[in-house]
Amino acid sequence: MEERIINHRTVQEIAALVNGTIDGDERTKIVAVAPIDQAKIGSIAFIVSPDYDRFLETTLAAAVLVRPDSPPTDRSCLIRVPNPYLAFVRIARELFSIGEPQRQGLHATAIVNPTARIGKTLSIGPYSIIEANSVLGDDCIIGNNCTIGKGVKLGNRCQIGNNVHIANGVVLGNEVIVQSGTVIGSDGFGYAKDGDTYYKIPHIGQVILEDKVEIGANVTIDRGTFGETRIKKGTKLDNLIHIAHNVVIGENTVIAAQSGISGSTEIGDNVTIAGQVGFVGHIKIGNRTIFGAQAGVTKNVPDGITVSGYPAKLHARAKKEEAVKSQGPEMLTRVRKMERFLKENFPAFHKE
Amino acid sequence: MEERIINHRTVQEIAALVNGTIDGDERTKIVAVAPIDQAKIGSIAFIVSPDYDRFLETTLAAAVLVRPDSPPTDRSCLIRVPNPYLAFVRIARELFSIGEPQRQGLHATAIVNPTARIGKTLSIGPYSIIEANSVLGDDCIIGNNCTIGKGVKLGNRCQIGNNVHIANGVVLGNEVIVQSGTVIGSDGFGYAKDGDTYYKIPHIGQVILEDKVEIGANVTIDRGTFGETRIKKGTKLDNLIHIAHNVVIGENTVIAAQSGISGSTEIGDNVTIAGQVGFVGHIKIGNRTIFGAQAGVTKNVPDGITVSGYPAKLHARAKKEEAVKSQGPEMLTRVRKMERFLKENFPAFHKE
Amino acid sequence: MEERIINHRTVQEIAALVNGTIDGDERTKIVAVAPIDQAKIGSIAFIVSPDYDRFLETTLAAAVLVRPDSPPTDRSCLIRVPNPYLAFVRIARELFSIGEPQRQGLHATAIVNPTARIGKTLSIGPYSIIEANSVLGDDCIIGNNCTIGKGVKLGNRCQIGNNVHIANGVVLGNEVIVQSGTVIGSDGFGYAKDGDTYYKIPHIGQVILEDKVEIGANVTIDRGTFGETRIKKGTKLDNLIHIAHNVVIGENTVIAAQSGISGSTEIGDNVTIAGQVGFVGHIKIGNRTIFGAQAGVTKNVPDGITVSGYPAKLHARAKKEEAVKSQGPEMLTRVRKMERFLKENFPAFHKE
């Protein structure tokens, strides 16, 4: 773990950005951001949980963002704020970031169809193509070598990576992020079988990503066969995820890498899905449910439940069954011992 | 589920396209396609199975494609055809589609090597590169920002998405579809180990996709180490699938998203593979086999078998074993009860 | 399996390239490379293991690369070398390959920022973008439609495929290979939750790929949140793999397709990971460990261990437990039989 030295900021500047109260020397110089347990000299860190307050006694951080009620220390300069984590994120982004995409305006090689309507201070990278009748809001950033298809709508402040394909008719709300290599609006895997032959069903539906949806790299989201595939407000998807046609995902749900959701399944709000989870098609998943890594979900799940395993079941039960399975060889020995005893002592048992 | 209103067609026009017999008012106006159970006013739907005939009594669809022997109704205008599903697909595609790729000819920014031979009425999108000695058939559509490598052969009527890489020497038959972000002909994962060091084996084989093969988005298909990787006629692959070097897949096989097939494995004809299934290398999978989601297939599978689970086994047996596993905690209780009884009543048992 | 006839070489030329000793006619013409058991007339094959020496009696190969101590034969011309496999790889690559990327210099449409420093005899394909302050070493080959971000560093002799995005600040050593469609330096899946809302954490760390690291197609490697994601010298990744933020992978480790490693997990040196394996975050995996396909790894693994299954455990134990599970239905029958016997014969048992 190495921090990046980018520039110098004083605690005074930093505290001003996040409306924090300084407890220490406001002239302290900060050169990097870091986690509290890995901070080196000159860096700023944060502590949210009282369980982590003990790090105040050992950290090398020059400054720490803490809660209003955090204990005092002579070791580091403290900046007290209501939400230290969010303050930290803002400082990292605005004062120390190199990762932020930069606006470059409309590159000379970008091909924008004359019928497209594009917003103010938009940025479109080299070799990207904006097709007919698309509508792009204000302050969007489109990367390099992208295709924004016919009739696509983007809200304001969307960020699209490189080598992204947003296919015809897809609709994105405001502040949607799509990372590089992702395909949104691919044709779903729908075929009409006739004898042994499969005929492709034309996919004429849409994909709708609501406000603040964020999609990782190399993800695929299929359009609806008819109707739509929809991901609701504030939901976040990691990399290499597959979302099939006509799936609906609720608000503020998070899905980790390499998970896949089959056709027409509905996922609720505030759901947490770990990595490499699979959902069969046409099921309904309740709100505030949680799915363990590699779970294989084969039926409806009611609200508020935590499930895991294949086929997925209540996590507590799955763990219990798994524990018994792991004692299987010993249980078999015990069963054999009883059988042997019964056979040896009760001739009648043997005959059964 | 919202339908897309694109334009108006009369039942007369629609019936003429699919050679159907009209049972109702031929002047009925149709504005959208929809599934029978979700159809709104003005839409056309279809029913194949007699089990669905009951929807004729409740649907809002203005017209329904039905079998010749389907029951009459006063509710909707019927169009009788031998295969309602295929008729529906054709109508959706030809009369109501917006998703169909459009021909745009050879874009001025497409770079076509002078030694490439390209067919009639071909379309190549902006910023795509067609390398030396490639041969592209008639009526192909190549998307944007693609690379078609050296010596690649495409048959007629192929459709290639955007940001696709078809590597040197790959051969595609007629009517092959490759969706966006897919890589065909990547080097396989083959190394010569020498001590602790791995040396890359040059992959000099090919990939061959036969007629009517269809490949989803962000798929990877590795070329043969020597020899070839081959996918036979009519086989369909979903998104994010991995096909390793020297794999052979038979005809009319379907593979759902995120499945992976390891090197040199052979898959038969008419096979059905669900999502997130994995096959180890160097095995042989029979014709008309079926694989449940997330199955881990570790050995040969004979023709006609349905398997599931990890390690994959006969589906009926896997379900039975899974059922017993799920009774494990209770079985353990029963075993303990018997042990306790035997110990308490038969001192000899205890001694064993 | 078909070989590719590309050109003619004599055994004399081939033996000279690999410093081999000829045992047969040095004028023998070779037109293709092939595995020993599939070789056709005119091809060259190789044998490493004495177990394969028996193929010398049946092969059609015109020449075979063998060990110094391999038995003589009249059937094929032998070329004796210390490491027949490596000699074969070199011959395939240098004399018979078509897959090798070819240098084309800096294409006129490649956009290289004036502040970028690029090495000697570099090749950059059409429609690729090299952004500000990047440093590319000598003899690198960058494909088509790629983005090399701001401040990226590439060593010498790197090969980058097509449609690749190497994001701001990523560092590659010498002889690194990245295949098409891969994204290196995407933002990790890190959010600060506040109530039900997720706030994106800015990812300002790096990705470092050390010398001779090789990455397959459509892989995603996230940058560190702070600090770095690092893959050490000589490690090889297959296609469609996900590497999360702050993961560290040791030297000479191989990871097969569709595996995923969650945030901050550390993988040791000389590790072998099969396909579709998943690792939870924040665990530590020892050196020379081996992971079976589809394993779900939930905790630390010490050096030298082979594990499999979900949750992953010692492979030998996992197999034993799996074997007992597969006898579950029969064990249940045996338990029922004993219960029935005890109930029928001992009224006291029933009462318990």
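Assorted remarks:
- Condition check for A:THR298: open to solvent by 50 Å² or more (accessible area, probe 1.4 Å) and of a type in the set (Ser, Thr, Tyr): yes
- Only a single item in (1) in contact (Cβ under 8 Å) with a residue 60 or more places away in the chain; (2) in a strand (DSSP E or B) is not met by C:GLY263, and it is number (2).
- Residue count for the stretch C:110-124 under the criterion of being closer than 18 Å to A:HIS107 by Cβ and in contact (Cβ under 8 Å) with a residue 12 or more places away in the chain: the result is 7.
- Sole exception among (1) within 14 Å of chain B (Cβ to nearest Cβ); (2) at negative phi for C:GLN276, by number: (2)
- Scanning the stretch C:245-256 for residues that are on the phi < 0 side of the Ramachandran plot and open to solvent by 10 Å² or more (accessible area, probe 1.4 Å) yields C:HIS245, C:VAL248, C:GLU251, C:VAL254, C:ALA256.
- Given (1) farther than 30 Å from C:GLU344 by Cα; (2) open to solvent by 40 Å² or more (accessible area, probe 1.4 Å), index of the condition A:ARG336 fails: (1)
- Subset of the stretch A:171-208 (residues that are over 20 Å from the mean Cα position of the chain (by Cα), part of a loop (DSSP other than H, G, I, E, B) and at pLDDT 90 or above): A:ASP187, A:GLY188, A:PHE189
- Residue in the stretch C:326-333 that is surrounded by fewer than 20 Cβ atoms within 10 Å (Cβ to Cβ), modelled with pLDDT of 90 or more and in contact with a Gly (Cβ under 8 Å, 6 or more places away or on another chain) present: no
- C:ALA318 being open to solvent by less than 70 Å² (accessible area, probe 1.4 Å), over 22 Å from C:VAL219 (Cβ atoms) and in contact with a helix residue (DSSP H, G or I) (Cβ under 8 Å, 6 or more places away or on another chain): no
- Residue in the stretch B:276-289 that is nearest to B:SER259 (Cα to Cα), counting only those that are in contact with a Ser or Thr (Cβ under 8 Å, 6 or more places away or on another chain) and open to solvent by 20 Å² or more (accessible area, probe 1.4 Å): B:GLN276
- Test: residue in the stretch B:171-184 that is more than 24 Å from A:GLY185 (Cβ to Cβ) and buried (at least 24 other Cβ atoms within 10 Å of the Cβ): no
- Restricting C:VAL48, C:VAL81, C:VAL89, C:VAL31 to residues that are open to solvent by 40 Å² or more (accessible area, probe 1.4 Å), within 14 Å of chain B (Cβ to nearest Cβ) and under 30 Å from the mean Cα position of the chain (by Cα) narrows the list to C:VAL48.
- The set of residues in the stretch B:337-352 that are at pLDDT 90 or above and away from chain C (no Cβ under 11 Å) contains only B:LYS343.
- Filter result for C:ASN162 (at the interface with another protein chain (Cβ under 7 Å from one of its Cβ atoms), farther than 30 Å from A:VAL31 by Cβ, open to solvent by less than 10 Å² (accessible area, probe 1.4 Å) and in contact with a Gly (Cβ under 7 Å, 6 or more places away or on another chain)): no
- Residue within the stretch C:145-152 that is within 8 Å of chain A (Cβ to nearest Cβ), among the small types (Gly, Ala, Ser) and touching a residue at least 24 places away in the same chain (Cβ under 8 Å) present: no
- For the stretch B:209-239, a residue qualifies if it is at pLDDT below 95 and either of a type in the set (Phe, Trp, Tyr) or surrounded by 23 or more Cβ atoms within 10 Å (Cβ to Cβ) (or both), and the qualifying residues are B:GLY224, B:THR225, B:PHE226.
- Residues that are at the interface with chain C (Cβ under 8 Å from one of its Cβ atoms) and outside any loop (DSSP other than H, G, I, E, B), drawn from the stretch B:228-260: B:GLU228, B:HIS242, B:GLY260
Here is a yes/no grid of residues against (1) at positive phi; (2) more than 42 Å from the chain's Cα centre (by Cα); (3) of a type outside the set (A, V, I, L, M, F, W, C):
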| position | (1), (2), (3) |
| --- | --- |
| C:ILE283 | no, no, no |
| C:GLY286 | no, no, yes |
| C:PHE291 | no, no, no |
| C:TYR310 | no, no, yes |
| C:LYS320 | no, no, yes |
| C:ARG336 | no, yes, yes |
| C:PHE341 | no, yes, no |
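- Answer from A:ALA132, A:ALA110 - the residue that is farther than 27 Å from A:HIS203 by Cβ, within 12 Å of chain B (Cβ to nearest Cβ) and open to solvent by 10 Å² or more (accessible area, probe 1.4 Å): A:ALA110
- Restricting the first member to the stretch B:198-227 and to residues that are more than 7 Å from chain C (Cβ to nearest Cβ) and over 24 Å from A:PHE189 (Cβ atoms), and the second to residues that are of a type in the set (Phe, Trp, Tyr) and surrounded by 23 or more Cβ atoms within 10 Å (Cβ to Cβ), the beta-carbon pairs closer than 7 Å and six or more apart or on different chains are B:GLY205/B:PHE226.
The values are calculated or read from the model by the stated rules, or taken from the named source; none is laboratory data. Keep in mind the model is a prediction, meaning the values are calculated, not measured. Methodologically, a virtual Cβ is constructed for each residue, glycine included, from the backbone with ideal geometry; neighbour enumeration extends over all protein chains shown. Accessible surface is based on the protein model in full, side chains and every heavy atom, while ligands, DNA and RNA are left aside. Shrake-Rupley method; radii C 1.70, N 1.55, O 1.52, S 1.80 Å.
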